[in-house]
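Heads up: the structure comes next, in structure tokens.
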């Protein structure tokens, strides 16, 4: 699937801002391209206020080959600092059997070209604010797809539930097989605590090379077998 260049820039800029705050903080940033200017919404528990003008200049220089003529020039900074944020412990996502399981293999053309473009999750979100949990879910999804007969996977993880109910899945096969695959996941993967973190340079690749997955996330566990 091809993502619009302006969405890529919004994703990349939101992760760039996040990298300056810290991936280990509790932060969520959303960047919106409003054609003539960018709006930066967000919350963070950090009390270090960023100089957005300096960040814009650094971003445009560092990623000149990506932004091209679409350089960021004007922004409205609406980030709230020193905000108490509760880490995300529940996430529901639909995954595709593709090179990056967040996106289908086929291009989906929008019926109407949007006027504004906005960064998409997990971009701009720190590890605690759902990013690590999504990475874990993606890793599980790649292992399920590696079985060879699953085309799509609808997965929900709720870390507040008991171990037996911490994960729920649906897929393209008969519901009879839901419990078989769910049991195999719980047997092999430490769903509750074994998160996958990547460094700030890798998160930039997530935006720019979104059609390819990080080897850390797509790693296949040889112990995951469903008969």
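Among 76, 196, 157, determine the one that fluctuates most according to a GNM of the chain built with springs between C-alpha atoms less than 10 Å apart.
76
Gain in length, residue 90 to residue 223, computed as 0.36 nm per residue apart minus the alpha-carbon separation, to one decimal in nm? Could you put the intermediate results ahead of the total?
Numbers: separation 133, 0.36 × 133 = 47.88 nm, distance 2.58 nm.
Between residue 90 and residue 223, full extension yields 45.3 nm more.
Which Rg and Dmax, in Å, describe the Cα atoms of the stretch 1-128?
According to the Cα coordinates of the stretch 1-128, Rg and Dmax are 15.4, 43 Å.
For helix 131-145, report the angle its Cα long axis makes with the longest principal axis of the Cα atoms of the chain; keep it between 0 and 90° and round to the nearest 10°.
Helix 131-145 sits roughly 40 degrees off the main axis of the chain.
For the chain, what does -39500 (n - 2.57) per DSSP helix run (n ≥ 4), summed and divided by total residues, give at 222 nm, in deg cm²/dmol to the nearest 500? List each step's numbers first, then the result.
Numbers: 7 runs with 71 residues, N = 227.
Taken over the chain, the calculation gives -9000 deg cm²/dmol.
Can you tell me the FRET efficiency between residue 64 and residue 120 if r is taken as the Cβ-Cβ distance and R0 is 22 Å, rounded to the nearest 0.05? Spell out each step's value before the answer.
Numbers: r = 23 Å, r/R0 = 1.04.
The formula returns an efficiency of 0.45 here.
Calculate, axis by axis, the spread of Cα positions in the chain along the three principal axes, and write the results as whole Å, longest axis first.
56, 39, 28
GNM on the chain, C-alpha springs below 10 Å: top fluctuator among 197, 80, 172?
172
Most fluctuating residue of 180, 204, 189 in a GNM of the chain with Cα springs under 10 Å: which is it?
In the Gaussian network model the winner is 180.
Between residue 34 and residue 99, 0.36 nm times their residue separation minus their Cα-Cα distance comes to what? It would help to have the intermediate numbers written out before the result.
Details: separation 65, 0.36 × 65 = 23.40 nm, distance 3.05 nm.
So the extension gain works out to 20.4 nm.
Go ahead and run the numbers for FRET between residue 57 and residue 209, Cβ-Cβ distance against an R0 of 30 Å, rounding to 0.05.
Values: r = 24 Å, r/R0 = 0.81.
Plugging the Cβ-Cβ distance into 1/(1 + (r/R0)^6) gives 0.80.
Bear in mind that the values in this text are calculations on the coordinates, not laboratory data. Quick caveat, the model's predicted, so the values are computed rather than measured. Cβ coordinates were reconstructed from backbone atoms using ideal geometry, including for glycine residues, and neighbour counts include every protein chain displayed.
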